[in-house]
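Working notes, beginning with the structure itself.
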């Protein structure tokens, strides 16, 4: 089904906005998945790609699947400067809804036909919906595989507790009439001068009004998160931040290409590699996802570019693992406790660590 067909069926134009760097092997899955759940338009910003991501996006743009722009950032705040630029683009200003997310984040909708319009209806058609993260663990998967991420990773933390915290971050869907001051990566912001009677209708992923401190961004600790308990009745945001160990090493490398003779901090990995629970509910989308990916790859140019991205990703992982510092990093991550550091610290404080270990 084409984007325009979906627009005619739902009456909604939904634009996804994202920033990417070296996400080539994962692009088609994310685009196909979002098309399945009702996204009609895509605005991609890329910067400094070396794995074919930019060439893939250019080819998709030529075919009308996405719009691709170079990241306009002149400093280091790539995402915020891209979002500022996006706010003036017609693909965003003419959309009924805007969805700002990353390529490792998948909106898992539990109601109706499992699409964004069904989520909007279940939440009562508010002006914004903030959906709570659920972080999916690596769970001992070492090698990169060229198949859907959502089919490979099913282990996650207790949905209501992450790293000992009951408040968990969100990402947001924003309706066209939201009183926008600016887009943030996790939520939109309205002016502090906006009178309370004009505050937007804003719900969590269960259709409940978001907490007031989150709504007005009054507390720095609550600007982009709120208590997760009961917040995912209608939708969950599955976050595959780690993927395979090979892919994580490549992800780590893209942000810091020189780690020789430097200690590696495994906190980010340990915080997200909690395999306590299993959740495979998102795999309800697999048949439609695989069909949509096949449609995209039926174009021989797109298929060839995808295979090139995969080959470059594998080659980069192999090149990194030929270096002693990355061998050490791999060994450290494989040996790391799956208990998040904050929870380990709490057990130590309570004198229970030896028993847990």
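Read the figures in this text as sums done on the coordinates, not as results from a lab. No experiment lies behind these values; they were computed from the predicted model shown. A quick note on method: Cβ atoms are made from the backbone with ideal geometry, for glycine too, and the neighbour counts reach across all protein chains shown.
For the range 30-96, the alpha carbon positions stretch 35, 29, 19 Å along the principal axes, listed from largest to smallest. For the range 3-356, the pair-distance distribution built from all alpha carbon pairs, in bins 10 Å wide starting at 0, is 5, 23, 34, 27, 10, 2, 0 percent. One decimal place: the segment residue 281-residue 77 gains 70.0 nm when fully extended, by the rule 0.36 nm per residue minus the C-alpha distance.
Roughly what % of Cα-Cα distances in the range 112-209 sit above 19 Å, to the whole percent? The proportion of pairs with Cα distances above 19 Å equals 57 percent. When only alpha carbons are used to place a centre, the range 16-85 and the range 223-238 end up 25 Å from one another. With coordinates expressed along the principal axes, the C-alpha atoms belonging to the range 179-317 extend over 55, 46, 34 Å, beginning with the largest.
Each label was represented as a point 7 Å from its Cα along the Cα-to-Cβ direction; for residue 323 and residue 209 these points are 5.2 nm apart.
Cβ-Cβ distance of residue 303 and residue 349, R₀ of 51 Å, FRET efficiency by 1/(1 + (r/R0)^6): the value works out to about 0.40.
The packing ranking of peptides 90-102, 130-142, highest mean first, is 130-142, 90-102, where packing means the average number of other beta carbon atoms within 10 angstrom of each residue.
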